[in-house]
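Asks: Provided herewith is a single structure, encoded as structure tokens, for subsequent inquiry.
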Amino acid sequence: MKKVLRIFLLLLVIFLGYAGWVIFGPTVNAPEKKYFYISTINNYDSVLAGLNDQGIISNKNKFNLVARLVGYKKIKPGRYEIKKGMSLLNLIRMLKNGKQSPVNLTITKLRTKENFASKISGMFEFDSLQMINFLTSNDSLKQFDLDTNTVLAGIMPNTYSYFWNTTPKKVFQKIFNESQKFWNDERKLKAVQLGLTTMQVTILASIIDEETNQINEKKNISSVYLNRMNIGMPLQSCPTIKFALKDFTLKRIYEKHIAVESAYNTYKNTGLPPGPICTPQPATIDLVLNAPKTDYLYFVAKSDFSDAHEYTSNYNDHLKKAKEYQQALDRQEAIRKARKENK
């Protein structure tokens, strides 16, 4: 009798040890891409099948047993990080509690709505087409007091954290909220003092960001454009022509480019274009708001290609500097062409 009892106890210990290892042991395998995705259309059976097919779990029955023990029934969509060596219990608790791994979206500079949709492609449950449909719908944007021209003004460069199953509207809402926080009372007052709306400042900052990356240059270029606006002179900004043509590879702007019919053509139209030509840096917006007082009306890149510019209030002086720069470009292109022919 004692011998039978000992055998029974031994078997019980073995069984409990095995059960404990199944539940608490490092039995979970990480998928190839580290994450397991549960979409909004998934149910328990499809989640179970996905875990099994991707080799994350090795036995459906064991998963079902532990799922029943912890009460895992309701599926919570999301992106879940699966670590090699997780226990089955921890895996199921993570799925039950919806402890998703966040998606981090970093925005630096975007030139078009399509750029934004393309950037987030594959990052969320929705696809890029759903995002572009949102960004190109005035009905969707009117709640933010934006339209398809001004939508980039609502996209503030920064890093944002989301859940994978966030909707296009909520993705945009979070970014838009950041832009609203940026425009505090002090900045709004400075815009008023310039005789501009916050939207106009944002549009102008976007043009300046496309002109140069140099902080000191941005300050002076800001003053040039503000001076031109104050006297009703066209901005004559080359980056707006590139935007109008949707050709950002252009190195030189010729008469044929300036002839383009577009509301973004600041050679033909006075004032600002109807919307930003990129998502401007917050620091550039501040540079516009704090632009130095100058009498500059013209600027052109220096002929030494130092990324600096020549500034003047005299048109004839400007033409001389512009000619020097064009000649430097011609020489540079001739050298490049000669090298290519000698290869």
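Asks: Output yes when any residue across the stretch 132-146 is closer than 25 Å to Ala30 by Cβ and among the small types (Gly, Ala, Ser), and no when none is.
Replies: Checked the stretch 132-146: no residue is closer than 25 Å to Ala30 by Cβ and among the small types (Gly, Ala, Ser).
Asks: Output the residues belonging to the stretch 284-326 that are among the polar types (S, T, N, Q), within 38 Å of the chain's Cα centre (by Cα) and in a helix (DSSP H, G or I).
Replies: Of everything in the stretch 284-326, those that are among the polar types (S, T, N, Q), within 38 Å of the chain's Cα centre (by Cα) and in a helix (DSSP H, G or I) turn out to be Thr284, Gln326.
Asks: Continuing with the same structure: Out of the residues in the stretch 147-157 that are out of contact with any Ser or Thr (no Cβ under 7 Å at 6 or more places or on another chain) and closer than 17 Å to Arg111 by Cβ, which is surrounded by the most Cβ atoms within 10 Å (Cβ to Cβ)?
Replies: Going through the qualifying residues, I end up with Val151.
Asks: Still on this structure, please answer the following. Within the stretch 178-189, how many residues turn out to be open to solvent by less than 50 Å² (accessible area, probe 1.4 Å) and not in a helix (DSSP H, G or I)?
Replies: 1
Asks: Is there a residue being under 13 Å from the mean Cα position of the chain (by Cα), of a type in the set (Gly, Ala, Ser) and under 22 Å from Glu210 (Cβ atoms) anywhere in the stretch 98-121?
Replies: yes
Asks: Now for a different question. So if I check each of Thr249, Thr212, Thr240, which one is under 21 Å from Lys113 (Cβ atoms), of a type in the set (Ser, Thr, Tyr) and modelled with pLDDT under 95?
Replies: Thr249
Asks: Kindly provide the set of residues from the stretch 230-265 that are touching a residue at least 40 places away in the same chain (Cβ under 8 Å), closer than 21 Å to Tyr315 by Cβ and within 29 Å of the chain's Cα centre (by Cα), ordered by number.
Replies: Hit for the stretch 230-265 is Arg252, nothing else.
Asks: Kindly check whether there is at least one residue in the stretch 180-196 that is touching a Pro at 6+ places or on another chain (Cβ under 6 Å) and of a type in the set (S, T, N, Q).
Replies: There is no residue in the stretch 180-196 that is touching a Pro at 6+ places or on another chain (Cβ under 6 Å) and of a type in the set (S, T, N, Q).
Asks: While we're on this one: Going through the stretch 29-69 one residue at a time, which ones are of a type in the set (A, V, I, L, M) and assigned to a helix (DSSP H, G or I)?
Replies: Listed by number, the residues that qualify are Val47, Leu48, Ala49, Leu51, Leu65, Val66, Ala67, Leu69.
Asks: A further question on this structure: Is it true that some residue in the stretch 137-145 is of a type outside the set (Ser, Thr, Tyr), surrounded by fewer than 18 Cβ atoms within 10 Å (Cβ to Cβ) and within 11 Å of the chain's Cα centre (by Cα)?
Replies: No.
Asks: So which residues in the stretch 63-108 are surrounded by fewer than 18 Cβ atoms within 10 Å (Cβ to Cβ) and on the phi > 0 side of the Ramachandran plot?
Replies: Hits for the stretch 63-108 are Gly71, Gly85, Gly98.
Asks: May I pose another question? Please go through the stretch 297-343 and pick out each residue that is in contact with a helix residue (DSSP H, G or I) (Cβ under 6 Å, 6 or more places away or on another chain) and among the charged types (D, E, K, R).
Replies: Listed by number, the list holds a single entry, Glu310.
The values are calculated or read from the model by the stated rules, or taken from the named source; none is laboratory data. Note that the coordinates shown come from a computational prediction; the quantities given were computed from them, not determined experimentally. So basically every Cβ, Gly included, is an ideal-geometry build from the backbone, and we count neighbours across all protein chains shown. When the accessible area is computed, the model is the full protein with side chains, heavy atoms only, and any ligands, DNA or RNA have been set aside. Shrake-Rupley method; radii C 1.70, N 1.55, O 1.52, S 1.80 Å.
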